[in-house]
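In what follows, a single structure is set out as structure tokens and then discussed.
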């Protein structure tokens, strides 16, 4: 099966913007609803968080498809597993939040303990997506997955090892580490 990449662009990266943005907006609408007491803000949060869940499911399915291409011995495999599990947990939190909203709406009270709990779950989902996004950044910027195809670098290193040039590989890794320590705010 082919990888989920269109003209060099991984579909997972494109789709992941939807749940992150929609969840952040949903939490913001929740807070505005709490501050103003406006039902419109609560409705906007509900619709936006539902869109986040649907977008998250699409991103998760494509992400799982993309993950199947990662070799088990590549560093991106473990990072990808953590990234995926955190995102899946965040989607479950969004689902729980939406179910709690449904129960709160059925009870007819504007601000109930159930409604506040639903907002808490949305906030936890947003935090989870943020942490998962960090690991997604690790996949791209640290492990090089889907940037320059990681397969290219892996095959190159494998060829150098077979040629007995382990020292060259280590030297390049050291240069990259020194660059990161020198050029980044928090290496």
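The values are calculated or read from the model by the stated rules, or taken from the named source; none is laboratory data. All figures in this text were calculated on a predicted structure; none of them were measured in a lab. Using ideal geometry, Cβ is built from the backbone for each residue, glycine included, and neighbour counts are taken over all protein chains shown.
Worth pointing out:
- Residue 62 vs. criteria within 14 Å of the chain's Cα centre (by Cα), in a helix (DSSP H, G or I) and under 30 Å from residue 158 (Cβ atoms): yes
- Residue 80 being surrounded by 18 or more Cβ atoms within 10 Å (Cβ to Cβ) and within 18 Å of residue 128 (Cα to Cα): yes
- Any hit, the range 67-75, residues being in a helix (DSSP H, G or I) and buried (at least 21 other Cβ atoms within 10 Å of the Cβ): no
- Criterion violated by residue 48 - all others in (1) assigned to a loop (DSSP other than H, G, I, E, B); (2) in contact with a helix residue (DSSP H, G or I) (Cβ under 6 Å, 6 or more places away or on another chain) satisfied: (1)
- Unique match (being more than 26 Å from residue 141 (Cβ to Cβ), in contact with a helix residue (DSSP H, G or I) (Cβ under 8 Å, 6 or more places away or on another chain), assigned by TED's automatic domain parsing to the domain that holds residue 37 and part of a helix (DSSP H, G or I)) among 91, 95: 95
- Within the set 55, 37, the sole residue that is surrounded by fewer than 22 Cβ atoms within 10 Å (Cβ to Cβ), in contact (Cβ under 8 Å) with a residue 40 or more places away in the chain and on the phi > 0 side of the Ramachandran plot turns out to be 37.
- Tally of residues being without any contact (Cβ under 8 Å) to a residue 60 or more places away in the chain and touching a helix residue (DSSP H, G or I) at 6+ places or on another chain (Cβ under 8 Å) across the range 2-11: 1
- For the range 14-30, the set of residues classified as in contact (Cβ under 8 Å) with a residue 40 or more places away in the chain and surrounded by fewer than 18 Cβ atoms within 10 Å (Cβ to Cβ) consists of 18, 24, listed by residue number.
- Qualifying residues in the range 60-73 (those that are touching a residue at least 40 places away in the same chain (Cβ under 8 Å) and touching a helix residue (DSSP H, G or I) at 6+ places or on another chain (Cβ under 6 Å)) - the one farthest from residue 9 (Cα to Cα): 70
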